[in-house]
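**Q** Before I ask anything, let me first share the structure, which is written out below as structure tokens.
The values are calculated or read from the model by the stated rules, or taken from the named source; none is laboratory data. Remember, it's a predicted structure, so these values are computed and weren't measured experimentally. Virtual Cβ from ideal backbone geometry, glycine too; neighbours counted across all protein chains shown. Each accessible area value is taken on the protein alone, full model and side chains, heavy atoms only, with ligands, DNA and RNA left out. Shrake-Rupley method; radii C 1.70, N 1.55, O 1.52, S 1.80 Å.
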Amino acid sequence: MKSPDEELIELIFPSLIEEKLFLATDLDRYQEKIATGSMKEEDWLLAIEKAIDKTNMGIGE
């Protein structure tokens, strides 16, 4: 059974991907950190910068 936090991240992650703020490939890497509230500022910045860079290069997922 999933926790409410895990269910929430499953609901919001598609929106983050759609808005090109996260890459689909980063879901596994960051899902637990986001759900547990342990994702650091640096993690958010890295994930978002990576998504923006790929989008600007025309290879966004």
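**Q** Tell me yes or no: at least one residue of segment 3-19 is in a loop (DSSP other than H, G, I, E, B) and in contact with an Asp or Glu (Cβ under 9 Å, 6 or more places away or on another chain). Let's see the steps before the verdict.
**A** Residues of segment 3-19 that are in a loop (DSSP other than H, G, I, E, B), as a first pass: 3, 19.
Right, trim to in contact with an Asp or Glu (Cβ under 9 Å, 6 or more places away or on another chain) and you get none.
No, because not a single residue in segment 3-19 is in a loop (DSSP other than H, G, I, E, B) and in contact with an Asp or Glu (Cβ under 9 Å, 6 or more places away or on another chain).
**Q** For Tyr30, work out the one condition from (1) loosely packed, with under 15 Cβ neighbours inside 10 Å; (2) outside any loop (DSSP other than H, G, I, E, B); (3) hydroxyl-bearing (Ser, Thr, Tyr) it doesn't fulfil.
**A** (1)
**Q** Another question about this same structure. Test Ile17 against the criterion of being open to solvent by less than 70 Å² (accessible area, probe 1.4 Å) and touching a residue at least 40 places away in the same chain (Cβ under 8 Å), and give yes or no. Explain how you work it out, then say what you get.
**A** Working: open to solvent by less than 70 Å² (accessible area, probe 1.4 Å): yes; touching a residue at least 40 places away in the same chain (Cβ under 8 Å): yes.
Here the answer is yes, as Ile17 does meet what is asked.
**Q** Let me ask something additional. Among the residues of segment 34-53, write down those that are open to solvent by 70 Å² or more (accessible area, probe 1.4 Å) and modelled with pLDDT of 90 or more.
**A** Kept after step one, since they are open to solvent by 70 Å² or more (accessible area, probe 1.4 Å), are these residues of segment 34-53: 36, 40-42, 44-46, 49, 52-53.
If the condition is that a residue be open to solvent by 70 Å² or more (accessible area, probe 1.4 Å) and modelled with pLDDT of 90 or more, then Lys40, Glu41, Glu42, Trp44, Leu45, Leu46, Glu49, Ile52, Asp53 are the ones that fit.
**Q** Is it true that Ile52 is part of a helix (DSSP H, G or I) and in contact with a helix residue (DSSP H, G or I) (Cβ under 8 Å, 6 or more places away or on another chain)? Explain how you work it out, then say what you get.
**A** Numbers: part of a helix (DSSP H, G or I): yes; in contact with a helix residue (DSSP H, G or I) (Cβ under 8 Å, 6 or more places away or on another chain): no.
The answer is no for Ile52.
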